[in-house]
Structures are given as C-alpha cells and as structure tokens.
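Asks: Please see the structure below; I have some questions.
Any read-out appearing in this document is the output of simple, stated calculations on the displayed coordinates, not a laboratory observation. Please read these numbers as outputs of a predicted model, since none were measured by experiment. Neighbour counts run over all protein chains shown; Cβ positions are idealised from the backbone, glycine included.
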Amino acid sequence: MASSKHQKVDFDLYAERYEALLQTQLSFFEGDRSYFTRAKVDIIQELIKVKPKSVLDFGCGIGLSLPFLKAAFPDAEVYGSDLSEKSLKYVRDNIPNVYTLADEEVDSKSFDLIFVSCVYHHIHPSLREQVTRRLAGLLNPGGSFGIFEHNPYNPVTQRMVSTCEFDDDAILLRPSETTKLLEDAALNINSNGFYLFFPGFLKAFRGMEKALRFLPLGGQYFVIASKD
C-alpha cells in the first residue's frame, strides 16, 4: 500500500510513551499488548534451523521484543539496535541482560539471527534493498533472517496504520516484495505465512493459527530466510 506521507517519523519523540500508544492502538484486538510480541518470537523460535548464539533485534525501538528474545534464546547474546538514541537509552535503563548498538556500531558485529519486527514499512522503498543487503552481510553462515510486517491485504491493518501517529511515514510492503528483498540478498527462503487471525474474544480459536498461515487474512505476515 503506497502512502502520500513521506515525512520521516522521529522516534525520539515517542520513546517515553510508545508502549502506551501501542497498547491503545491494539487494545481492540487484544488487551495484552505483549501477545503481539510473543507471537513473533514464538514463530521465529519455532521455525529457525540453527539455535543462535548471537541475536540482533534490528530497529528494536524501546525493546519490547528483547525480553522475549532473551527468554527464547537464553544462551545467546541479544542485541538491540535503533536509530533513536532515546529508545536505546530506555532499553539500557529498563531491560537487563541485553546489549544496545547504535546504528553505526551494528556493522562491527555478526549474528546468527537477525529479527526485524515492523521496521521495513518505515524504510523508504528506495532504501529497502540496500538495508537488506547490509543486514544479510552481517549474518553468520547458517544464520537466519526473519522479517515481520503488517499485512497490506488486511483492511483492519490498513486502517490501524493510517490512524497511528507514529506510522505517519508508513509505506506497507507486500509479502512478495519482502521475499524478493531477501532472495536478492542471496538468502534462502525457509518459511513464510500470515498470523494474528483471531482477536481476544475469539482466542479459543488461536490454536488453529498454524494451520491457517497460508491464508492472506492475518493482521501481519512473516518471511524467514537463511544464509548458506
């Protein structure tokens, strides 16, 4: 989904109230904001082939995924990177046992798993290939790269993005574009699918989500690739 809004969002402005804003935005679907984060980490934990010793949460924001990644991979060094220094300061002040990297420090490391959650829609399409190749170059052999994004085919998702103040620069990307970005970076696609089908009042049906991953109806989607 294209957007006429191209003013880059400054996430330093949202660091202190990001979680509250996100909770408000998502509460109609699920009262527990952490459900959305756990869903992503559960998927990456389930589907990657090699247990990582080093994990990068690229574009980690205030680090909502970092505790879940640390719990999923307790023996790994877990890093968060972001362009927002205020967000990284929040991580350092509030999340123990993880490391932060300013964007310019990322290239000095290599990783077994790179996790990218709802970041690419903030990257201008003209820069997405460059960013993907950069990150692919940081993967160790056998490492995995997981991208999680909003599903542009879902009208509820489209509505949520269009009314979210920190998505003013959002340009959603189709699963096929995400797949091509990873393939063009010389990575092998291992799995893909959709998730977030059932809101809280239908949570009894969430056990069916794995079987429904092929349906382009979920609120978000994932593509997971690996490096030879």
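Asks: At a 10 Å Cβ-Cβ cut-off, how would you order Y221, Y153, fewest neighbours first?
Replies: Details: Y221 25, Y153 16.
Final ranking by Cβ density, sparse to dense: Y153, Y221.
Asks: Please report the spacing between the Cα centers of the range 105-150 and the range 200-228 in Å, no decimals.
Replies: The range 105-150 and the range 200-228 have Cα centres spaced 21 Å from each other.
Asks: If I take every Cα pair under 8 Å that is 6 or more residues apart in the range 11-226, average their sequence separation and divide by the length, what percent do I get for the relative contact order?
Replies: 20
Asks: Ranked by Cβ crowding within 10 angstrom, fewest neighbours first, how are D228, D42, D82, D57 ordered?
Replies: Details: D228 9, D42 13, D82 26, D57 30.
The most exposed by this proxy come first: D228, D42, D82, D57.
Asks: Evaluate the charge dipole of the range 116-228 about its Cα centre and quote only its size in Debye, nearest 20, assuming +1 on the Cβ of each Lys and Arg and -1 on the Cβ of each Asp and Glu.
Replies: Numbers: 11 positive and 11 negative charges, 81 e Å.
Roughly 380 debye for the range 116-228.
Asks: Projected onto the charge dipole of the range 11-226 (+1 at Lys/Arg Cβ, -1 at Asp/Glu Cβ, origin at the Cα centre), which of G207, S226, G63 gives the Cα projection farthest towards the positive end?
Replies: G207
Asks: Can you order the peptides 120-131, 198-209 by their average number of other Cβ atoms within 10 Å per residue, highest first?
Replies: Working: 120-131: 15.1, 198-209: 12.6.
Averaged packing, sorted descending, gives the order 120-131, 198-209.
Asks: May I ask which residue of H124, N140, L47 lies farthest towards the positive end of the charge dipole of the range 11-226, with charges of +1 (Lys, Arg) and -1 (Asp, Glu) on Cβ and the Cα centre as origin?
Replies: The residue sitting farthest along the positive end of the dipole is L47.
Asks: Related question: What is the local net charge at D103, summed over the other residues whose Cβ is closer than 11 Å to its Cβ (Lys, Arg +1; Asp, Glu -1)?
Replies: Result for the neighbourhood of D103: -4.
Asks: I would also like to ask the following. Give K86/K180; K53/K203; K109/K210; K53/K89; K89/K210 a once-over and call out the pairs whose C-alpha atoms are over 31 Å from each other.
Replies: K86/K180; K53/K203; K109/K210; K89/K210
Asks: Ok, one more. Taking the Cα centre of the range 11-226 as origin, sum charge times position over the Cβ atoms of Lys and Arg (+1) and Asp and Glu (-1), and report the length of that vector in debye to the nearest 20.
Replies: 740
Asks: Using the Kirkwood radius built from alpha carbon pairs, what does the Stokes-Einstein equation give as D for the range 11-226 at 4 °C and 1.567 mPa s, in µm² per second?
Replies: Result for D is 74 µm²/s.
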